[in-house]
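Q: Below: one structure in structure tokens.
No lab work stands behind these numbers, since they all come straight from the coordinates. The structure displayed is predicted, hence computed values, not measured ones. Here the Cβ positions follow ideal geometry from the backbone for every residue, glycine too, while neighbour counts run over all protein chains shown.
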Amino acid sequence: MRPAWCRPRRRRRHRGSRNGGAHNRAAPGSSARRAPGKHPRVGWATRSYLVHVRQYARRLRSKLHAEIASLPEHSAWHTPRMPLNAVQVADAFGLGSVLEDRPLANGDRPAVTRVVSTTNGRWVVKHDRLGSAGRLDLSTWQRGKAWTVHRLESAAAAAGIPMAQPVQPPEPSVGFWYAPPDSDGELARVTEWVEGRDLREARVPDEELATWLGGVLARIAQLDVAVDEDADASSVFPLDEWRGWVREAESKADPALARAAHAVLGVVEDSADLVAEALRNRPALTMTHGDAAPANILATPSGLVLIDWESATADVAWWDAASNAVRLAAPDERSIAGGDPRIIRALIGSYRDAGGPAGPADATAFGGLLIGHLSFTAWCLWVALGHRDESAEQVAFCTRSLFDSAEHLPRILRELDDWARLLA
């Protein structure tokens, strides 16, 4: 039985008030008002009960706030901080006073890079963070990757390879990334600005560009940099996993997504034997730039420059050269199908002449190309299926890329033998 203080009293129905028959509520149009805080249908006992509930809720809320305040900074209750702003980055790296800060366009990809002008010059600032809300384990992988990039980028700069020069960050750092301890995992890195246009806009004679890139790739492959086996770019996903993703795509209310996933699965199944053979006979790994695409090559007044080394990875240098030859020869950046044979021959010839390590001149030379495309497509499919905590902009980009892969990968697979004849 409830205690007496919270038992509602039996209510009587009154026809009128004690003052002679007027109803116990204000007449229409009357200026009378109820007493503040009182409800016409709640009796005194119920109000007393609600008062006790509110008091208990206030005590509970105060206790909870006190417990949250006592949690350590890295706790999930900790409010994330905003990314480092331009002034903070400039102060930390000693770049001078900020004059201008604007985003750097990156085609149809979400921009994570800014151009910052200061009293000491012009700089490219990139932002990232260690881990994510649901995947704190990613920070370990990111740290290893950052130091791998640092070793290769430092060696390339020391060897005089034409590139944008990274700025050494203050401590604490992770590779070339500044990682202040009070920034909740936010990172920033700075590179000197290089005046020029990337090859999506600038026109450079095709064979001249191919000859330059073949020589640069060979020089990178010969740098004395320890190979990070954990950064091996040639891992593949089992067919069963791909089939599971396709079933998941079929369960979504998006027929186009399911069709694209099916088309990509067909390429995975058809290329399985070739990829397996390439991996069995794989030459030795070296450290490579990892993304020497036209978007990462600048045409400057003093010559061509290779930028954006954050994708540096352990790969077969011969595979990397073959892959870049085909990508450079493609008439459309979205697809590498239908490449110009002259460009492929020029790049491979320059690579060999500069002493780049070579391998079999057959379709297995494109094992890395297939693995890279399928790995990127797998990531796009994961994002499109909602398996990554990404922005709507990033989801849209990955969905478009998945549809592009579904359209172009089957043709790429059919052309491998034709490309292989150009490698000899």
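Q: Identify the trypsin sites (Lys or Arg not before Pro) of the stretch 150-234 meeting these criteria: DSSP loop state and at most 13 other C-beta atoms within 10 Å of the C-beta.
A: Values: sites: Arg151, Arg189, Arg197, Arg200, Arg203, Arg219; in loops: Arg200, Arg203.
The qualifying sites are Arg200, Arg203.
Q: Pick out, in residue order, every one of the GluC sites (Glu not before Pro) in the stretch 319-424 that is DSSP loop and has at most 16 other C-beta atoms within 10 Å; say none if there are none.
A: On the way: sites: Glu333, Glu390, Glu393, Glu407, Glu415; in loops: Glu333, Glu390.
Listed in order of number, the matching sites are Glu333.
Q: Using only alpha-carbon positions, what ratio does the radius of gyration of the stretch 306-424 give when scaled by 2.2 N^0.38 Å?
A: Values: Rg = 15.5 Å, N = 119, 2.2 N^0.38 = 13.5 Å.
Relative to the rule-of-thumb radius for its length, the stretch 306-424 sits at 1.15.
Q: Follow-up. Stokes-Einstein at 4 °C, 1.567 mPa s, Kirkwood radius from Cα pairs: D for the stretch 197-317 in µm² s⁻¹? Show your work: numbers first, answer last.
A: On the way: Rh = 17.5 Å.
Answer from the Stokes-Einstein relation: 74 µm²/s.
Q: Another question about this same structure. Treating each Cα of the stretch 197-420 as an identical point scatterer and ignoring solvent, apply the Debye formula and state log10 I(q)/I(0) at q = 0.10, 0.14, 0.18 Å⁻¹.
A: Treating every Cα as an identical point scatterer, log10 I(q)/I(0) equals -0.46, -0.90, -1.39.
Q: On to the next question. In percent, how large is the relative contact order of the stretch 197-420, given Cα pairs closer than 8 Å and 6 or more residues apart?
A: Details: 316 pairs, mean separation 68.4, N = 224.
Rounded, it is 31 percent for the stretch 197-420.
Q: Then there is this: In the stretch 225-305, which trypsin sites (Lys or Arg not before Pro) fall in coil by DSSP and have 15 or fewer other Cβ atoms within 10 Å?
A: On the way: sites: Arg243, Arg247, Lys252, Arg259, Arg280; in loops: Lys252.
Passing sites in the stretch 225-305 are Lys252.
Q: Give me P(r) over the stretch 86-192, computed from all C-alpha to C-alpha distances, binned every 5 Å, as integer percentages.
A: Taking all Cα pairs of the stretch 86-192, the binned fractions are 2, 12, 20, 22, 21, 16, 5, 1, 0 percent.
Q: Can you give me the Cα centroid spacing of the stretch 340-366 and the stretch 254-302 in angstrom?
A: Using only Cα atoms to place each centre, the spacing works out to 17 Å.
Q: Highest mean first, what order results for 154-160, 220-226 on Cβ atoms within 10 Å? Mind showing how you got there, number by number?
A: Values: 154-160: 14.4, 220-226: 17.1.
So the peptides 154-160, 220-226, ranked by packing, come out 220-226, 154-160.
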